[in-house]
Amino acid sequence: MSEVKILIVEDESIVAMDIKHRAEGLGYLVTAITPSGEEALAKVAENPPDLVLMDIVLKGEMDGIEAAQKIRDSYDIPVVYLTAYSDERTLKRAKITQPFGYIIKPFEDRELHSAVEVALYKHQMESKLKESEKWLSTTLESIGDAVIATDKDGKIKFMNPVASQITGWGHDEAIGQLLGEIFNVVDEDSASRVDDPVNKVVENDAIIDLPSQVLLINKKGEKIPIDDSSAPIKDENGNIIGVALVFRDVTQRRREAREREELLKDKARGELSRFMVSALPVFASNIPPQIRNNIVRSFGDRFEKNMKPLFLDEMEKCKINKGLDPENESVSSPEVSLQCYISWISEFMSNLGIVTNSTTNIEKGKSYLNFANCPWTSEGSVSPIFCLICRAIVIRSFTWTSIRGNVEQNQCLLDGNEKCSFEFVISLKQS
């Protein structure tokens, strides 16, 4: 093991030589003796020691405390003060430089040895801690997810660059602020603010995930879809001292999911259209109307059995989103119910490859659903079954609603019209 190198800064030459002999007798290597703070800085730069023994009171413009501060800031070398002054004022000023120890003159060899060894050990541990903190900080700043750490009161202690980018808040302006000022998250459907994750983590002492559909409102007021988890930060005794939030912008992921969903819908529409075309060509126009009607009625019954439960569930969700109580029909709105119904039937028809548009005249209690296209126009000319099935879907599904009114097909391609259209007439009066 190499010898420990020590620089002695002492303006009393006899005292300095005595310290040198004591240090060398303990097995240390004294690199130099210097009487001033200015010269001490030059010696450190020329031949960096492992430790500096620094007298507090020195001759010249720079005293030992100022010299120690510069050595610590520029070279990160531990300093142990040598002083005959132990008054509170001197010690308080010396503490600011974060020394690694004090030796009060006069001292014994064992005191010098203990002070030097403890100072070297503390410096070694501090260096390892700084290295560990640097690794942790670099890792958190380099990962792709956004990271924010708070104390247990919710004040931000750390925020990495990704978190700054998503929230729009710079690191320095965010530090010390309450999390709620920076991390403003609302429910995507209701727009209500999500509960403070810090409070939930501290109360439950557990990892907490945000609801599945939330938006972060950044500093510019932009709404960004995110997902997130929050975990407690604990000390060595298991006490919660803070909370770590890890979140990510899922805009791209949602976009890709929607694209996949549309591709699947397009595929399903094409397959359903091809199925209907291939499965129903036998029903030509020469089939007696009674048989066609029986076929359509049978289709309507099977359609109701399979689709009505799903329909009622979607209608309930739609009414809730529009602020109605689906369990209380006395406060239901026929206008809102019709809007929900038109939205559902339009979506259902789109899955068959039929593009629809609608118009509504609330004052007259009328709404029109128009088919902009028909995937089976050519087949329909020889087989009315396609038109009959579309008509059955619209008329039968309307009966599942609680709306007082009726629906009629006022335009049909089979009658030579250019488009297919349904008219809904509802009663706006409450029962």
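The values are calculated or read from the model by the stated rules, or taken from the named source; none is laboratory data. Everything quoted here is computed from the prediction, not taken from an experiment. For neighbour counting, all protein chains shown are included, and Cβ atoms are generated from backbone atoms with ideal geometry for every residue, glycine included. Just so you know, the surface numbers come from the protein's heavy atoms only, side chains and all, with ligands and any DNA or RNA stripped out. Shrake-Rupley method; radii C 1.70, N 1.55, O 1.52, S 1.80 Å.
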Could you tell me whether Ala119 is in contact with a Gly (Cβ under 8 Å, 6 or more places away or on another chain) and surrounded by 19 or more Cβ atoms within 10 Å (Cβ to Cβ)? yes
Helices (runs of 4 or more DSSP H) contained in region 176-289 and holding at least 2 residues at pLDDT below 75: 251-279
Against the condition closer than 20 Å to Ala119 by Cα and without any contact (Cβ under 8 Å) to a residue 12 or more places away in the chain, how does Lys20 come out, does it pass? no
Could you grab the pairs with beta carbons closer than 6 Å, sequence gap of 6+ or different chains, first residue in region 291-320 and farther than 20 Å from Cys340 by Cα and of a type in the set (Asp, Glu), second one part of a helix (DSSP H, G or I) and open to solvent by less than 60 Å² (accessible area, probe 1.4 Å)? none
I'm checking my understanding of the structure. Among residues of region 2-11 that are of a type outside the set (A, V, I, L, M) and either open to solvent by less than 60 Å² (accessible area, probe 1.4 Å) or modelled with pLDDT of 90 or more (or both), which one is farthest from Tyr81 (Cα to Cα)? Lys5
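A quick yes/no check of all residues on (1) modelled with pLDDT of 90 or more; (2) within 30 Å of Glu261 (Cβ to Cβ); (3) open to solvent by less than 70 Å² (accessible area, probe 1.4 Å):
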| site | (1), (2), (3) |
| --- | --- |
| Asp301 | no, no, no |
| Lys364 | no, no, no |
| Glu379 | no, yes, yes |
| Ile385 | no, no, yes |
| Val394 | yes, yes, yes |
| Phe398 | yes, yes, yes |
Which one is most open to solvent (accessible area, probe 1.4 Å), of the residues in region 93-111 that are outside any loop (DSSP other than H, G, I, E, B) and farther than 20 Å from Ala67 by Cβ? Arg110
Matching entry among Gly27, Gly64 (being within 20 Å of Lys5 (Cα to Cα), surrounded by 15 or more Cβ atoms within 10 Å (Cβ to Cβ) and not charged (D, E, K, R)): Gly64
Kindly indicate the residue of region 39-61 that is surrounded by 18 or more Cβ atoms within 10 Å (Cβ to Cβ) and of a type in the set (Asp, Glu) and also nearest to Arg93 (Cα to Cα) among those meeting that condition. Asp55
Does region 92-103 include one or more residues that are touching a residue at least 12 places away in the same chain (Cβ under 8 Å) and aromatic (Phe, Trp, Tyr)? yes
Those residues of region 159-187 which are open to solvent by less than 70 Å² (accessible area, probe 1.4 Å), touching a residue at least 24 places away in the same chain (Cβ under 8 Å) and either under 20 Å from Ile240 (Cα atoms) or of a type in the set (D, E, K, R) (or both) amount to Leu179, Gly180, Asp187
Just a yes or no: is a residue in region 211-218 farther than 30 Å from Lys319 by Cα and surrounded by fewer than 16 Cβ atoms within 10 Å (Cβ to Cβ)? no
Looking at region 78-92, can you tell me whether even one residue there is assigned to a helix (DSSP H, G or I), within 49 Å of the chain's Cα centre (by Cα) and surrounded by fewer than 14 Cβ atoms within 10 Å (Cβ to Cβ)? yes
Could you tell me which of the residues Val15, Val57, Val52 is closer than 19 Å to Thr83 by Cα and touching a Pro at 6+ places or on another chain (Cβ under 8 Å)? Val52
Residue that is in contact with an Asp or Glu (Cβ under 9 Å, 6 or more places away or on another chain), open to solvent by 80 Å² or more (accessible area, probe 1.4 Å) and either modelled with pLDDT of 80 or more or of a type in the set (Ser, Thr, Tyr) (or both), where the choices are Asn306, Asn321: Asn321
